[in-house]
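Enquirer: I'd like to ask you about the structure that follows.
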Amino acid sequence: MDALSTLPAGVTAIALGDQGLRGWQIATPVCRAVLSQQGAQVLEFQAAGKPPLLWQSPQATRQPGKAIRGGIPICFPWFGPHPTDAGKPAHGFARQRDWALANARQTPDALLVELTLAADDTTRELWPHDFLASLRISFGSRLALQLSVANTGTTPFRFAFAFHSYFPLADSSRACVYGLEDSVCIDQLAQDRTRSRQTGAVRFSGETDRIFLQTAGECRLVDELRNQAVLLSAPDCHSVIAWNPGPDKTARLVDMPPDAWRTMACIESGNVEDDAPELPPGAKQTFTLVLEQ
Ligand code: BG6
C-alpha cells in the first residue's frame, strides 16, 4: 500500500469500507483524524476539546475510483466540469486516484503525512502533462494542508485546483461567510455565469454555487446557531467557492441524504478560472490552507 515500512506511533493503516479502499487512522494527544489514500483526502479531523471540523455524508460511497462525499477532496488539475470534454471526471482526477504515501513522521507540534501523485499513462490520457503533486498534511491542534505542484515535463501547463472542504453546520440558513465582501463573484447557477461583486457576507438561502475570484485568501465560516467559527487561511489561494446544493440538487445526489443540505456547506479554497496558475517546465508552486476553529 505504501513505500514506508514502518508508520510512526499514532498512525494505523485501515480499510475504508469493504471494496478495497485503504487509509490511515491518526490518533495523537492533540487530535484524531481519518485519511483516505484515494484522493489523499482527509475525511475526518477533530482537535482535542473541539467539535469535529469536517462534514462527511452518511451515504458517502467507498468505491475505488468514485469520489468520496465529504472531508477535503482535492480538485486537480481542473475545477468543475472539464472545459471541453464532459466525458472527463468533474473536478479532475486527483480525488479518484490512489496517492502514494511518501512520508509520515512526528514533529514537536504535529504529525506530518505526505502523499504524492505523479503523471502516468492514465493521467496523460486525461491531461497531457507531466507533473508531480504532493500533499503535506499537518495533523496538530489545527489542520494544515500544503499542496505542491511541479511541472516535470518540457512544456508549460495551466492548472486549477481547490481544497474542497465540507463543513458541518447546525442549520445552513443560519450560517454565513465573512471575508468575501466586494470580491468578484461568478454565479454558477446563472445561465450566463454572470459576474458581479459580492455585497455583504455570503449566506446560504437555498442552492448556492458561487466562485469568488482575486480574494485575499482568508475567510471565516460562522455557524450562528452553534456560535462556532472556522477561519480558513490560504494566502496563495485567491479563489473561494461557496457551495450548498439546496434541496433539489441534493435529491439528485445519490451519495447524500435528502435533507443533508441543511447541515453542511462547502467553502473551497483554491485557484480556479482567472486565478488558475501557469507553471513553466521545471517550476513548482505551493499552496497552503490552514483551518482553525
Ligand atoms: C462545487 C461546484 O465545487 O462542487 C458545484 O461549485 C458542484 O458546481 C459541487 O456541484 C460538487 O461537485 P461533485 O462533482 O463533487 O458532485
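Enquirer: Could you tell me which residue of the stretch 36-67 is surrounded by the most Cβ atoms within 10 Å (Cβ to Cβ), considering only residues that are free of Cβ contacts under 8 Å to residues at least 40 places away in the same chain and either touching a Pro at 6+ places or on another chain (Cβ under 7 Å) or under 21 Å from Ala118 (Cα atoms) (or both)? Please lay out each step first, then the result.
Expert: The initial filter retains those residues of the stretch 36-67 that are free of Cβ contacts under 8 Å to residues at least 40 places away in the same chain, namely 36, 43-44, 46, 49, 65-67.
With either touching a Pro at 6+ places or on another chain (Cβ under 7 Å) or under 21 Å from Ala118 (Cα atoms) (or both) added as a condition, the list becomes 36, 44, 46, 65-67.
Values: Ser36: 25, Glu44: 18, Gln46: 16, Gly65: 13, Lys66: 16, Ala67: 22.
The selected residue is Ser36.
Enquirer: Also: Give me the pairs: first residue in the stretch 236-249 and basic (Lys, Arg), second residue more than 8 Å from the ligand (Cβ to nearest atom) and modelled with pLDDT of 95 or more, beta-carbon distance under 6 Å, and six or more apart or on different chains, which are they?
Expert: Filtered contacts from the stretch 236-249: Lys249/Glu207.
Enquirer: Something else now. How many of the residues making up the stretch 265-285 are closer than 17 Å to Gly80 by Cα and not in a loop (DSSP other than H, G, I, E, B)?
Expert: Our first condition is that a residue be closer than 17 Å to Gly80 by Cα; within the stretch 265-285, this holds for 265-277.
Going one step further and asking which of them are not in a loop (DSSP other than H, G, I, E, B), we end up with 265-271, 273-275.
Of the residues in that region, 10 qualify.
Enquirer: Restricting attention to the stretch 170-191, and to residues there that are in contact (Cβ under 8 Å) with a residue 60 or more places away in the chain and within 16 Å of the ligand (Cβ to nearest atom), which single residue is farthest from Met256 (Cα to Cα)?
Expert: Here the residue is Leu180.
Enquirer: Among Ser205, Ser196, which is the only one that is surrounded by fewer than 21 Cβ atoms within 10 Å (Cβ to Cβ) and assigned to a strand (DSSP E or B)?
Expert: Details: Ser205 fails: assigned to a strand (DSSP E or B).
Matching residue, one of Ser205, Ser196: Ser196.
Enquirer: Turning to a different aspect of this structure: Please go through (1) within 23 Å of Phe139 (Cα to Cα); (2) within 15 Å of the ligand (Cβ to nearest atom) for Ala100 and return the number of the only condition it doesn't satisfy.
Expert: (2)
Enquirer: Keeping to the stretch 245-264, report how many residues are within 11 Å of the ligand (Cβ to nearest atom), on the phi < 0 side of the Ramachandran plot and either assigned to a helix (DSSP H, G or I) or out of contact with any Pro (no Cβ under 9 Å at 6 or more places or on another chain) (or both). First the steps, then the outcome.
Expert: Applying the first criterion (within 11 Å of the ligand (Cβ to nearest atom)) to the stretch 245-264 yields 245-246, 249-250, 252-256.
Filter once more, so that each one left must be on the phi < 0 side of the Ramachandran plot: 245, 249-250, 252-256.
Narrowing further to those that are either assigned to a helix (DSSP H, G or I) or out of contact with any Pro (no Cβ under 9 Å at 6 or more places or on another chain) (or both): 245, 249-250, 252, 254-255.
Qualifying residue count for the region: 6.
Enquirer: Related question: With Arg203, Arg226, Arg220 as the choices, which residue is over 16 Å from Glu273 (Cα atoms) and in contact with a Phe, Trp or Tyr (Cβ under 7 Å, 6 or more places away or on another chain)? Walk me through how you get there before you give the answer.
Expert: Numbers: Arg203 fails: in contact with a Phe, Trp or Tyr (Cβ under 7 Å, 6 or more places away or on another chain); Arg226 fails: in contact with a Phe, Trp or Tyr (Cβ under 7 Å, 6 or more places away or on another chain).
Checking each option against the conditions leaves just Arg220.
Enquirer: Quick one: which of Arg32, Arg62, Arg105 is out of contact with any His (no Cβ under 9 Å at 6 or more places or on another chain), over 22 Å from Leu143 (Cα atoms) and modelled with pLDDT of 95 or more? Spell out how you get there, then give the answer.
Expert: On the way: Arg32 fails: over 22 Å from Leu143 (Cα atoms); Arg105 fails: over 22 Å from Leu143 (Cα atoms).
Just a single option satisfies the conditions, and that option is Arg62.
Enquirer: Something else about it: Does at least one position in the stretch 273-289 carry a residue that is charged (D, E, K, R), within 16 Å of Ser173 (Cα to Cα) and in contact (Cβ under 8 Å) with a residue 24 or more places away in the chain?
Expert: Start the filter on the stretch 273-289 by keeping residues that are charged (D, E, K, R), which leaves 273-275, 278, 284.
From what is left, the residues that are within 16 Å of Ser173 (Cα to Cα) are none.
Looking for residues that are charged (D, E, K, R), within 16 Å of Ser173 (Cα to Cα) and in contact (Cβ under 8 Å) with a residue 24 or more places away in the chain, one finds none in the stretch 273-289, hence no.
Enquirer: Quick one: is Arg195 more than 20 Å from Phe161 (Cβ to Cβ) and either in contact (Cβ under 8 Å) with a residue 60 or more places away in the chain or not aliphatic (A, V, I, L, M) (or both)?
Expert: Working: more than 20 Å from Phe161 (Cβ to Cβ): yes; either in contact (Cβ under 8 Å) with a residue 60 or more places away in the chain or not aliphatic (A, V, I, L, M) (or both): yes.
Yes; evaluated as a whole, the condition is true for this residue.
Enquirer: Further, regarding this structure: If I ask for residues that are more than 16 Å from the ligand (Cβ to nearest atom) and outside any loop (DSSP other than H, G, I, E, B), which ones from the stretch 213-244 would you list?
Expert: Matches in the stretch 213-244: Glu218, Arg220, Val222, Asp223, Gln228, Ala229, Val230, Leu231, Ser233.
Enquirer: How many of the residues making up the stretch 127-156 are surrounded by fewer than 16 Cβ atoms within 10 Å (Cβ to Cβ) and either at pLDDT below 95 or hydrophobic (A, V, I, L, M, F, W, C) (or both)?
Expert: Count: 1.
Enquirer: Select from the stretch 41-62 the residues that are away from the ligand (no atom under 14 Å from the Cβ) and more than 11 Å from the chain's Cα centre (by Cα) and list them in ascending order.
Expert: Those that are away from the ligand (no atom under 14 Å from the Cβ) and more than 11 Å from the chain's Cα centre (by Cα): Glu44, Phe45, Gln46, Ala47, Ala48, Gly49, Lys50, Pro51, Pro52, Leu53, Pro58, Arg62.
The values are calculated or read from the model by the stated rules, or taken from the named source; none is laboratory data. All of these numbers come straight from a predicted model, not from anything done at the bench. We place every Cβ from the backbone using ideal geometry, glycine too, and count neighbours over all the protein chains shown.
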